[in-house]
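One structure below.
What follows draws every value from the coordinates through simple rules; no lab data is involved. These numbers were taken from a predicted model, which means no experiment stands behind them. A quick note on method: Cβ atoms are made from the backbone with ideal geometry, for glycine too, and the neighbour counts reach across all protein chains shown.
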Amino acid sequence: EAGVVQSPRYKIIEKKQPVAFWCNPISGHNTLYWYLQNLGQGPELLIRYENEEAVDDSQLPKDRFSAERLKGVDSTLKIQPAELGDSAVYLCASSPRSGMDTQYFGPGTRLTVL
Amino acid sequence: AQSVAQPEDQVNVAEGNPLTVKCTYSVSGNPYLFWYVQYPNRGLQFLLKYITGDNLVKGSYGFEAEFNKSQTSFHLKKPSALVSDSALYFCAVRPNQAGTALIFGKGTTLSVSS
């Protein structure tokens, strides 16, 4: 069974440029999460989807970040415009449902903003 | 505020010796508890979880964890460390409330020397 797929694995951009990350969850997993992991820190939730509905986006900086999961399968996270402080690893995870189900993580996208 | 603490930034052990990676939490109610491991340039891999029942939970690669409700701890253990266990370990807690996300500790780097 394929795991969570993310692309690109690495991205280097200039500040003020837009950037997008893509995630394909494990087949059949209804719940999808985007996390932000800063260097030396644990992941922090940005947004959680139940199917195509964003049910928890309270930590998403909505002035520059947006996300979508139009058909309830794969998802895209976008930053526009990127700032220096956005340099981090962006992790996607999925689980069959929310609740006690284990979350399975993708390899992440390492973003460097110059 | 709900939080997870991993008091040691780094744990050093010799191969063949037992290892312990500590985790304490401050969460209301009866939380679900998880351990993940992260290798360089890889996503988080699930090791084990505690939901309810026996306080000693066994997981992947010979790891186990002991839940102690009175001490609000969930320490990760392994009887005999391997060099290949060297990685970054994260403790995570999910408050037992519908719709809440995982709260991660800052991580502990385990270094196993040969």
Charged-residue dipole, Cβ positions (Lys, Arg, Asp, Glu), the range A:5-114 about Cα centre, Debye nearest 20: 360
Peptide-level mean, for A:28-41, of C-beta atoms on other protein chains within 10 Å: 2
Furthest towards positive pole of dipole, A:N24, A:A54, A:G85, structure part chain A, Cβ charges: A:G85
Cα convex hull of the protein assembly as shown, projected area averaged across orientations, nm²: 12.7
Distance violations [Cα-Cα > 19 Å] among A:K11/A:K62; B:K49/B:K78; A:K16/A:K78; A:K15/B:K106: A:K11/A:K62; A:K15/B:K106
Intensity falloff of chain A expressed as log10 I(q)/I(0), Debye formula with alpha-carbon point scatterers, at q = 0.12 Å⁻¹: -0.37
Test item: B:35-48 mean partner chain Cβ contacts at 10 Å: 4
Peptides B:21-30, B:72-81 ordered by average Cβ neighbours within 10 Å, highest first: B:72-81, B:21-30
9 Å beta-carbon shell around B:P18, net charge (K/R +1, D/E -1): +2
Sequence-separation-based contact order of chain B, relative, with Cα cut under 8 Å and 6+ spacing, percent: 37
